[in-house]
Every structure is written in C-alpha cells, then in structure tokens.
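Worksheet for the structure shown next.
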Amino acid sequence: MSEGDESNSDEQGYVYYRDRPNWKDIEPIPQDDGPNPVVQIAYTDKFKDVYDYLRAVIRKGEKTERVLELTMDAIECNPANYTVWHYRREVLQELKKDLKSELEFAEETVLNEPKNYQVWYHRQKLVEWSNDPSRELYLTAEVFKDDSKNYHAWQHRQWTIRTYGLWSNELEFVDGLLKEDFRNNSAWNQRYFVIINTTGYTEEVVKNEVKYVIDFIKVAPNNESAWNYLTGILKGGRISDHEPVLKLIDSLRSQHVPSPFLLSTMIDVYEEEVANGKKESLEKAVKICEELGSKIDPVRKRYWEYTSRRLISAYGPLDST
Amino acid sequence: MGTPVKDVELPDRPELQELLLEKHASYIETFEKNKDDLDYCMTEFLRVSGIYWCLTAMDLIGQLDRMNKTEILDYVMSCFDKDTGGFRPAVNHDPHLLYTLSAVQILILYDSVSLIDKDRIVSFVSKLQQPDGSFVGDRWGEVDTRFSFCALATLSLLGRLDAVDIEKSVQFISSCMNFDGGFGVIPGSESHAGQVYCCVGSLAICKRLDVINADQLGWWLCERQLPSGGLNGRPEKLPDVCYSWWVLASLSIIGRIHWIDKERLTQFIMATQDDETGGFSDRPGDMVDPFHTLFGLAGLSLLGNRQIKGVNLIFCLPQNVIERLELDYELLKE
Ligand SMILES: [Zn+2]
C-alpha cells in the first residue's frame, strides 16, 4: 500500500486532492444530483474531494499510478461502490502491475469488510489473473472464524475449489466446522457440494452419511439443517430402507422429543408404509399432523392441515373404526 | 426443548400496532429530497434502485403525487446508456441489469415506457445471457440467479420474452436447486430466501413452475418463520423485514402463503416501524431505510392489509399497474 502513505488514511494527515500540486491538472466533477442541486453540507469533505476527482479521471480515462492511489482512497470512503473497484482493475491491467501487493491489499480488505461483495469479486479476479489460489482456503477459513455462514466467503471458497480442483481436504474442513456448530447450514450445504462433486451419493456413501448425520441429530433433535440434509440425501429412495433412521425415530419418539422435523420424517415413513399397502399407517400419519398443528408447531398449522388432507386424498379414506 | 433459536423479541409498544401511513409517506418524501444527506450520497451507486423503492412505496400507500415525476423521469433517463442500452445506477457509473430492471419498473409505474427505445434495452439484456442459460449482471461477467430474474422480469415487462432462450434460462435455474428444495446464487451455493424469490419469480414468468417441488420448497419457506413472527433468509439467521417479502412472495407464487402465521408476521413487521421518523427497519429498533420501508409495506399488502394497495407478487409493483400491461405468468394453487 505504498502509494497511499503521503495521504495517510487518518483524517488529520489527509491532504485533499484539491490541495495537491500533482493533481492541479484535473478539474474535479461534483456529483450530479439532478436539476435542483442542494447544498451538500453533509458529505464528509474527504468523501466529496475523493469522488469529485474520481469522476474526473474516469471521464478522462486516465490510468496511472496516481489513479491507483485515488481509487484506494475512494474504496476506503465507500467500499460498496462497484464502479471504483472495476476502474481500479482496469488501471491495474493497463499498468501491468505486480499482483502480489494487490492480493495483499485485497486480503486485508476482505478481512476488514467480509460482507462486501465487491471485495470478494476483486479477490476472485486477482486469483484468476495470477493463477494462484494458494491462500484462498486459508483466507475464507479466517473469515469463518467470525462468521461461519458468510455467503460471499462460501461462494468464493466453492469457486476456488471447483476451479482449481482443491477437493481433497474439504470434507475434513467441513467436519471441523460442524463439530464446532452443528447448526451451521452453510457447512451442511458444503458437505453436499463436496460429495456430489466427488464420489457422488452412492449407496455406500449414503449409508455413511446417514450414520454421520444421525450422530448430530441425536445431540440436537431440533436441528433443521441436519434433518434437511438427512431427508435431502434420502430423497428419491425410501427412508424405511435405512434401519439407523428408523431406530433414531423410535428412540427420539420414546423420549417424547417434540421436534417437528422428527415428526415430519415419521409422517414420510408412514406414507411409505401406506403406499406399500399398510393401510393403518395412514391414521398414524394423520394423527401426527394433528399433534403438530395443534400443539407442537402451531405456527405452521395450515401446513400440517394441508399435509393431512394431501395424505387422505391420496390414500384415504380413513377407517373410521 | 430449550433449543436455542436465533430470534429477536418484539418491543411492547402499543403505538406501533397501527400502520403509521402519514409518517412513512413523509419519511420517503424527505429522503428523496434531502440530497445532501450522507446516506443519500453513500448510496449513489444504487440510486436508480433507490428511486424505485421510494416510488413504489409511495404508490402502494396512495401518495405517489408527492414525488416529483418530471424530475425523477429526467434523472432516470439521464442514466440510460445509449451505447449499451442498459441503465446506470447514477450518472458516471456503468450500466447494469439491476438498475435496468429498476429503471424499467419506474417507467412502467409512471406509464412512460414510450420515453425509451425498448429495442435497445432488449438488446442489452439479451446479450447478457450465457451459453448455459445463466445471466451475467454486466459485461464484466458475474453470474447470479438474481440476474436471471432481473433479465426475465425486464423483458416480461417490456413484452419481449422472445428475445432470450427461455428453455436454457429454466435449465440454469433448475441447476441451482438444492437438496432442501431451495435455490442459491449459482449451482452448489446454499439456499437463500432472496435467491428463492428470484428463481421462483423467474420460473413463474417462464411458466415453468413444474420444475419446483412446491411442497418441499413451501415447507422450507414456512420454516423461515421464527417465534417472534419474523422470517429469516436461511436457517439460524435473524429475522428481517425484507425477507417477509422474499418469503411471502415466493409462497404466494406457489399458492402456499397461508402456511405461515400471518398474524404474527404482521405484528413483527409493524414493530419495525419507527414512530418518530417514519419508515421501516430490518428489525425492531434498527435504523429505517427506503429498501425495508418498501418491503415492509409490500409484505403487509400481501398479508391482506387494506390500507395498502395490492402488490404484484412477481414484479413488486402495484397490482393495478401490472394489470394495465396484461402480462402472462404462472401461479400455482396448493
Ligand atoms: Zn433486510
């Protein structure tokens, strides 16, 4: 970040662009707020100064060292402004800059502004240009320490893994995250992402995954993410073919765990049974729907009523005896 | 079960139980006029979208007259980039699909589409479609299901869906469907209520809702409701007013809006009003902004509040405006 030194980022040391001798040749362009401009008192002075000069250089198409410095100040004032980032990349390319220091700048900015999409996109472009993904897994892991569900960071990580084939240690990484927080939906999603793109969900893999997720459900039977993962990987097949799932259901049910996810999966199992000719399971399923709608999950009452109606119209009528 | 749930508590403030219509109108009116406000300047890069949020909010509460139509249309038209056919978010920025949709929504709202060269816009949008059917937001090339929605919605509003490959658009969106029935930004990325809305909205426009497993998706969507009544965008995230729109609109498109508890959600949205300044915030007690103000009002409209005009589920414009266009799209029934 050497170019930025003379215009130190703290407000006291900052020299306005309008006061810099080496910017005398540029006529700043103020923001155009339409036909009735109002006095712009509430802009911070620095913000206005930087952006007035930025507009001027963009209009002029100037791509020089001093513009790199200016864009850095502009990014600091407003990192969400995507035009600045884009223009900075154009300057970097024009000047054929060494990307190493830019990667460092991007890393620092990502760590300071992990929720800013523009920074991540900038980072991705730099990795692409330098063909060097060596720090991305580390960098995203750093971001997850503070925010393990950061959507941009996950997207960046998936992009890196997919683009450079870095699959080999990812399941281990995901396992670590899930052990820290088994409700981390992003991590469950990543687990699916890795498996579907490597081994695929073969019979063997499904078996192992069922075992894996069941251990987490036992600890927290109301964990939506784990249940969604379980039912997600069993979709297309039959839940009742998986002995460990049936055992899990029995054991949680005998402890009277009031988990809508558990009960919803029970309904699925009963539905499979009815479809297989076991008529009496229909009533059991309908009873659970009633229990859910009236006691356990009244917020979603209408959903449970619908499920009950759907089952009866598909497999009914109920034996009234 | 003592399971920890990430949620908020609603303040006990009876004064927030009624809809503060006049306050909201004056909040939006002053927001658009205070061009010297720092918040206003900081959001220059999304100005045209900001104008769309403000105008639609005002129209929904019958106060559109309080906005300066001529000035706004002049400004929006000054953001049109004749070279590409796209709209810039503000003068001196680059054109992008996000702002092109917002600009078209504004022009439709003001019944002023005749001001623009439709063919130029159609050409801008159609050039952004990729061979796999996805859309990038601008010529620099990021793909996102949000941009699929922006493209399809823009073309649909202009009556020019024929300009892109619908079959491929649908294929790409389908490839973003996850094991939980939801949708993410690109294939493999986590389900997120905002992206679900974009994908479901796109499929509705393409009349291909058959792609969705409506029961599974509906259950995932109604699971977004927390004990406070608010809706979150992903599991284990805090509730947020803008999700009342993304989730509700998605549920409505697939005919399942009644699967959530409307009364509790109404209470949550009401509690995010600011009774001093007007406007809605993301969560009770936070700072208000035009974005959450629009989606708060639009959410309440979907929930059946009679003080607010009917809102169109797909285009997030007043229903009477969409009816004028006689658009064709698909909605499911339970
Ligand atoms: Zn929000």
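The values are calculated or read from the model by the stated rules, or taken from the named source; none is laboratory data. Just so we're clear, the structure is a prediction, and the values are computed from it rather than from any experiment. Ideal geometry is used to build each Cβ from the backbone, glycine not excepted, and the neighbour counts take in all protein chains shown. The protein model used for the area step is the full one, side chains on, heavy atoms only, and it has no ligands, DNA or RNA in it. Shrake-Rupley method; radii C 1.70, N 1.55, O 1.52, S 1.80 Å.
Exactly one condition in (1) buried (at least 23 other Cβ atoms within 10 Å of the Cβ); (2) part of a helix (DSSP H, G or I) is false for B:Ser174; which is it?
For B:Ser174, the failing item is (1).
Do any residues in region B:228-251 that are within 13 Å of B:Phe291 (Cβ to Cβ) have Cβ atoms under 8 Å from those of residues that are among the acidic types (Asp, Glu) and open to solvent by 10 Å² or more (accessible area, probe 1.4 Å), where the two are at least six apart or on different chains, and which pairs are they?
Pairs found: B:Asp240/B:Asp282; B:Val241/B:Asp282; B:Cys242/B:Asp282.
Restrict the check to region B:219-230 and report whether at least one residue is farther than 15 Å from A:Arg300 by Cα, within 16 Å of the ligand (Cβ to nearest atom) and buried (at least 24 other Cβ atoms within 10 Å of the Cβ).
Kept after step one, since they are farther than 15 Å from A:Arg300 by Cα, are these residues of region B:219-230: none.
Within region B:219-230, not a single residue is farther than 15 Å from A:Arg300 by Cα, within 16 Å of the ligand (Cβ to nearest atom) and buried (at least 24 other Cβ atoms within 10 Å of the Cβ).
Looking only at residues in region B:279-302 that are assigned to a loop (DSSP other than H, G, I, E, B) and either within 12 Å of the ligand (Cβ to nearest atom) or within 14 Å of another protein chain (Cβ to nearest Cβ) (or both), which one is surrounded by the most Cβ atoms within 10 Å (Cβ to Cβ)?
Looking at the filtered set, the residue picked out is B:Asp282.
List the helices (runs of 4 or more DSSP H) that sit entirely inside region B:34-126 and contain at least 2 residues that are more than 13 Å from chain A (Cβ to nearest Cβ) and touching a helix residue (DSSP H, G or I) at 6+ places or on another chain (Cβ under 7 Å).
So the answer is B:47-60, B:97-109.
Taking B:Lys207 as meeting all but one of (1) open to solvent by 40 Å² or more (accessible area, probe 1.4 Å); (2) farther than 28 Å from A:Arg162 by Cβ; (3) not in a loop (DSSP other than H, G, I, E, B), write down the number of the exception.
Every condition holds for B:Lys207 apart from (3).
If you take the residues of region B:231-268 that are within 15 Å of the ligand (Cβ to nearest atom), more than 12 Å from chain A (Cβ to nearest Cβ) and in contact with a Phe, Trp or Tyr (Cβ under 7 Å, 6 or more places away or on another chain), which of them is most open to solvent (accessible area, probe 1.4 Å)?
Here the answer is B:Trp246.
In this structure, does B:Gly194 turn out to be within 12 Å of another protein chain (Cβ to nearest Cβ), within 13 Å of the ligand (Cβ to nearest atom) and at pLDDT 95 or above?
In short, yes.
Could you give me the residue pairs with C-beta distances under 6 Å whose first residue belongs to region B:272-292 and is farther than 21 Å from B:Asp7 by Cα, whose second residue is more than 9 Å from the ligand (Cβ to nearest atom) and open to solvent by 40 Å² or more (accessible area, probe 1.4 Å) wherever it lies, and which are 6+ apart or on separate chains?
Pairs found: B:Asp275/B:Glu15; B:Gly278/B:Lys23; B:Gly278/B:Ser26; B:Pro290/B:Phe31; B:Pro290/B:Trp53; B:Phe291/B:Trp53.
Might you let me know whether region A:243-254 holds any residue that is open to solvent by 20 Å² or more (accessible area, probe 1.4 Å) and either outside any helix (DSSP H, G or I) or under 27 Å from B:Arg256 (Cβ atoms) (or both)?
Going residue by residue through region A:243-254, those that are open to solvent by 20 Å² or more (accessible area, probe 1.4 Å) are A:243-244, A:246-247, A:250-251, A:253-254.
Subset that is either outside any helix (DSSP H, G or I) or under 27 Å from B:Arg256 (Cβ atoms) (or both): none.
The answer is no; no qualifying residue exists.
Looking at region A:105-117, is at least one residue over 27 Å from A:Leu230 (Cα atoms), of a type in the set (Asp, Glu) and open to solvent by less than 50 Å² (accessible area, probe 1.4 Å)?
There is at least one residue in region A:105-117 that is over 27 Å from A:Leu230 (Cα atoms), of a type in the set (Asp, Glu) and open to solvent by less than 50 Å² (accessible area, probe 1.4 Å).
For region A:93-152, which fully contained helices (runs of 4 or more DSSP H) count at least 1 residues that are touching a residue at least 60 places away in the same chain (Cβ under 8 Å)?
A:99-112
Inside region A:178-206, can you point out the residues that are more than 10 Å from every other protein chain (Cβ to nearest Cβ), surrounded by fewer than 19 Cβ atoms within 10 Å (Cβ to Cβ) and in contact (Cβ under 8 Å) with a residue 24 or more places away in the chain?
A:Glu180, A:Phe182, A:Thr198, A:Val206
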